[in-house]
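In what follows, a structure is listed as structure tokens, so that the remarks can point back to it.
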Amino acid sequence: MYLLVCNAGSTSLKFKLFEMPSEHVMAEAKVERIGRKDNGIFTYKTPAGGYYHTEKTDIPTYTEGIKMFLDCMLSADSELGVLDDIRKISRVGFKTVLAPGYGVAVIDEAVEEKMQEFLDVAPAHNGPYLEAVRHFRALLPDAVLVGVFETAFHETIPAERTLYAVPYEWLEKYGFRRMGYHGASHSYVAETLTELFGSTGRTISCHLGGSCSLCAIEDGKSVDTTFGLSLQNGICHANRCGDIDAYVFPFLKNRGFTDEEILYGLEKQGGLLGISGVSNDMRELREAEKEGNERAGLAIRHFINGIVKYIGAFYAELGGLDNLVFTAGIGENDSSVRQEVCRQVAHLGIKMAEQPDELGKGLLQLSAPDSKVRVLVIPANEELGVARKTFRCRVD
Ligand code: ADP
């Protein structure tokens with residue numbers, strides 16, 4: 001069976017075409033900086049060595065990104081093309097974000113409606129997914145579309161950590177609480193640790209990408225996370241503000257802002273972009289910092305401080321720490337962020353190695369053998385987790 005996985009991040013779109021059940025990857029692509037005029041990046045690869053890359057290109061919408069991937073996958077060029085007919089794809093798995101009540105589910109009208117209903121809670125994600133789902137439904141009317149929702153992994157967090165201290169009737173009536181996201185990524189970290197070392201023990205998983213979250217994991221289960229009801233919470237993101245006092249909202253309203261302007265600022269113009277005024281992308285912030293841009297440096301220091309603070313909080317909740325894991329775009333690629341975080345929390349029992357130890361498949365052990373806490377880089381492979389769950393999903 002050919003199974004396509006679609007992973008829409010807040011700033012990127014990733015695809016992997018799998019042959020199941022062998023889990024053989026036939027083609028993969030990454031579309032970055034969607035909506036950033038003339039600044040998009042597109043990369044396509046096949047295991048047979050097919051490669052196409054373009055940058056500084058205009059990728060205005062997610063639909064345009066999907067089209068670029070399909071053009072490569074169906075290309076007549078034998079180096080790139082891996083399928084002659086798109087209808088051979090019988091399932092598409094989406095790393096969907098929020099539709100309360102759904103974990104892994106065939107995306108039918110009811111699921112779409114629920115995603116639409118919670119668009120106000122996850123606008124940077126439910127929107128792109130609804131766009132992608134509708135596009136694939138039109139392209140592949142016979143395929144089964146499956147949503148693997150990001151909140152499912154966090155169902156194990158105890159109630160005292162997920163509730164908000166608001167009038168209890170509000171929680172009962174509207175069913176809101178801290179949901180937690182990035183479940184596909186943090187659960188993949190937990191599975192990988194279990195495969196490598198037999199258990200997760202007490203782990204803090206740091207997913208640092210366009211969206212960022214930390215997750216406290218104990219014996220394979222999520223026991224706390226930085227995200228709240230929405231994906232706005234926790235540490236600073238690429239464009240989103242992270243933790244903020246709710247009273248900023250009336251404060252700005254009283255000074256003439258509309259609801260839309262405030263939400264636009266919190267969601268699109270905050271985060272690394274908001275502080276730096278330069279970019280939402282760590283690579284560009286590093287460049288700007290080198291050129292002496294002070295706000296770029298401030299944005300990076302604020303970002304690191306958020307990670308350090310939550311590591312401290314989760315260390316306290318876990319009662320110690322066995323593994324500290326970095327994953328996703330920044331976590332995997334920016335060694336300075338990792339080193340600075342580890343330097344600041346070294347007192348928790350971290351001793352870094354002179355040279356990282358390569359454990360295969362991109363995994364790195366950064367800590368010294370006698371470090372109390374193991375520090376690792378585990379490359380995100382959320383797509384494989386989504387592929388497995390999509391393949392196993394029962395279709396009635
Ligand atoms: P998303 O949350 O959109 O899925 P990713 O996990 O792909 O994002 O991470 C994208 C982010 O990773 C970029 O916005 C950028 O800040 C960061 N990034 C990617 N490559 C590098 C790199 N080589 N060095 C530093 N940061 C990087």
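What follows is calculated from the coordinates using simple rules that are stated; it is not laboratory data. Only a predicted model underlies this, so the values are computations on that prediction, with no experimental measurement involved. Cβ placement follows ideal geometry from the backbone for every residue including glycine, while neighbour counts extend to all protein chains displayed.
Given the options ASN305, LEU231, MET73, identify the residue whose Cα lies farthest towards the positive end of the charge dipole of the chain (+1 on Cβ of Lys, Arg; -1 on Cβ of Asp, Glu).
ASN305
Quick one: putting +1 on the C-beta of Lys and Arg, -1 on the C-beta of Asp and Glu, what dipole do you get for segment 24-107 around its Cα centre, in Debye to the nearest 20?
Using Cβ point charges on Lys, Arg, Asp and Glu, segment 24-107 gives about 360 debye.
About the Cα centre of the chain, what is the dipole size in debye to 20, counting +1 per Lys and Arg Cβ and -1 per Asp and Glu Cβ, all else neutral?
Value, rounded to 20: 400 debye.
What are the residues whose amide H is under 5 Å from the amide H of PHE18, where those residues sit 5 or more places off or on another chain and H is modelled from the backbone?
LEU3, LEU4, VAL5, MET26
Quick check on the exposure proxy: order CYS6, CYS241 from fewest to most C-beta atoms within 10 angstrom.
CYS241, CYS6
Suppose a student asked you for the relative contact order of the chain, using Cα pairs under 8 Å spaced at least 6 residues apart; what percent would you report?
Computed over the chain, the figure is 13 percent.
Counting Lys and Arg as +1 and Asp and Glu as -1, each charge on the Cβ, what is the dipole of segment 71-118 about the Cα centre in debye, to the nearest 20?
Dipole magnitude for segment 71-118 comes out near 240 debye.
Kyte-Doolittle cut-off -0.5, length cut-off 30 Å along the helix's own axis using Cα: show which whole DSSP H helices in the chain pass.
294-318
Non-local amide H neighbours of THR200 (under 5 Å, H modeled in plane, Pro and chain starts lacking H): which ones?
ASP219, GLY220
Name the most mobile residue of LYS14, LYS114, LYS290, meaning the one with the largest mean-square fluctuation, in a Gaussian network model of the chain with Cα contacts below 10 Å.
Evaluated over the chain, the most mobile residue of the options is LYS290.
In terms of the ratio Rg/(2.2 N^0.38 Å) built on C-alpha atoms, what value belongs to the chain?
Its radius of gyration relative to the 2.2 N^0.38 Å reference: 0.97.
Hey, how many Å between the Cα centroid of segment 271-319 and the Cα centroid of segment 323-396?
19 Å
For the pair ILE244 and LYS56, what calculated FRET efficiency results from E = 1/(1 + (r/R0)^6), where r is the Cβ-Cβ distance and R0 = 25 Å, to the nearest 0.05?
My answer for the efficiency is 0.15.
When a footprinting reagent is the concern and you count Cβ atoms within 10 Å, what order do GLU284, GLU109 take, fewest first?
Sorted ascending by nearby Cβ count, the order is GLU109, GLU284.
What ranking of ILE235, ILE89 emerges when the number of other C-beta atoms within 10 Å of each C-beta is taken as an exposure proxy, fewest first?
If I rank by nearby Cβ atoms, fewest first, I get ILE89, ILE235.
Along the charge dipole of the chain, which of LEU364, MET115, PRO141 sits closest to the positive end, that is, farthest toward it, with unit charges on the beta carbon of Lys, Arg, Asp and Glu (+1, +1, -1, -1)?
Going by the Cα projections, it comes out as LEU364.
Using a/c under 1.5 as the rounded threshold, could you call segment 50-129 rounded, prolate or oblate? The axes a ≥ b ≥ c are square roots of the C-alpha gyration tensor eigenvalues, and prolate needs a/b larger than b/c, oblate otherwise.
The shape class here is oblate.
Taking H placed 1.01 Å from N in the peptide plane, check which residues at least 5 places from ASN233 or on another chain put their amide H under 5 Å from its amide H.
Here GLY228 satisfy the definition.
Set Lys and Arg Cβ to +1 and Asp and Glu Cβ to -1, take the dipole of segment 151-247 about its Cα centre, and tell me which of SER211, ALA159, THR194 lies farthest positive.
SER211
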